[in-house]
Amino acid sequence: MLAFTGTAEYTEDDSTVFENGKRYAFLMFSADEVLSDVIEDVAIFMGDLGWNQIDIRKTKLVSNEADMKDGVVKDAFLYAKDNRFALVRYPEAVEEEVDL
């Protein structure tokens, strides 16, 4: 399982948690373990959820959920096993400018 982190800009006006035009940190799991093979699908998946200007910072292969302490992260890992992708978005906006 591929895990990767980064930031993305929220582009919708329908959320009570996320503000349009602000950047937020995320953690994503992909059952496909080579990012270059799925990067377009990741962009489509996140875009369909209202996220754009995706900046991936770190990637890591994760073999299983045994060492995961956070229940949300563990649930996302298990969800991605059956559904290809899972996205955890963090509710605090990050102050950064990204030149993509």
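Which sequence of Glu97, Glu19, Glu12, Glu65 reflects their accessible areas, 1.4 Å probe, from the largest down?
Correct descending sequence by accessible area is Glu97, Glu19, Glu12, Glu65.
Roll a 1.4 angstrom probe over the protein heavy atoms and tell me the percent of accessible area of the chain that is carbon or sulfur.
45
Once the Cα atoms of helix 35-48 and of the chain are each reduced to a long axis, what angle between those two axes, in degrees from 0 to 90 to the nearest 10, is obtained?
50
Using helices alone, what [θ] at 222 nm do you get for the chain, with -39,500 (n - 2.57) per DSSP H run of 4 or more residues, divided over all residues and rounded to the nearest 500?
Per the formula, -8500 deg cm²/dmol.
If DNA, RNA and ligands are ignored and the probe is 1.4 Å, what is the ranking of Ile54, Ile39, Ile44 by accessible area, most exposed first?
Ile44, Ile39, Ile54
Local charge sum around Lys81 (other residues, Cβ-Cβ under 15 Å, Lys/Arg +1, Asp/Glu -1)?
Residues near Lys81 contribute -3 overall.
If you count only protein heavy atoms and use a 1.4 Å probe, how large is the accessible surface of Leu35, to the nearest 10 Å²?
Leu35 exposes around 40 Å² with every protein chain in place.
Could you do me a favour and compute the accessible area per residue for the chain, 1.4 Å probe, result in Å²?
Value for the chain: 63 Å² per residue.
Around Ala3, under 13 Å between beta carbons, what's the net of Lys plus Arg minus Asp minus Glu among the other residues?
0
In square angstrom, rounded to the nearest 10, how much accessible surface does Thr11 have for a 1.4 Å probe?
Counting only protein heavy atoms, the figure is 60 Å².
Let me make sure I get this right: for the chain, a, b and c are the square roots of the gyration tensor eigenvalues over alpha carbons, sorted descending. Under 1.5 in a/c it's rounded, otherwise prolate if a/b > b/c, else oblate. Which is it?
prolate
Running a GNM on the chain with Cα contacts under 10 Å, which residue among Met46, Met68, Met28 ends up with the highest mean-square fluctuation?
So, out of Met46, Met68, Met28, the one fluctuating most is Met68.
The values are calculated or read from the model by the stated rules, or taken from the named source; none is laboratory data. Quantities reported herein were computed from a predicted structural model and do not represent experimental measurements. Neighbour counts are summed over all protein chains in view; Cβ atoms, including those assigned to glycine, are modelled from backbone coordinates with ideal geometry. Remember, those area values only see protein heavy atoms, side chains included, never the ligands or the DNA or RNA. Shrake-Rupley method; radii C 1.70, N 1.55, O 1.52, S 1.80 Å.
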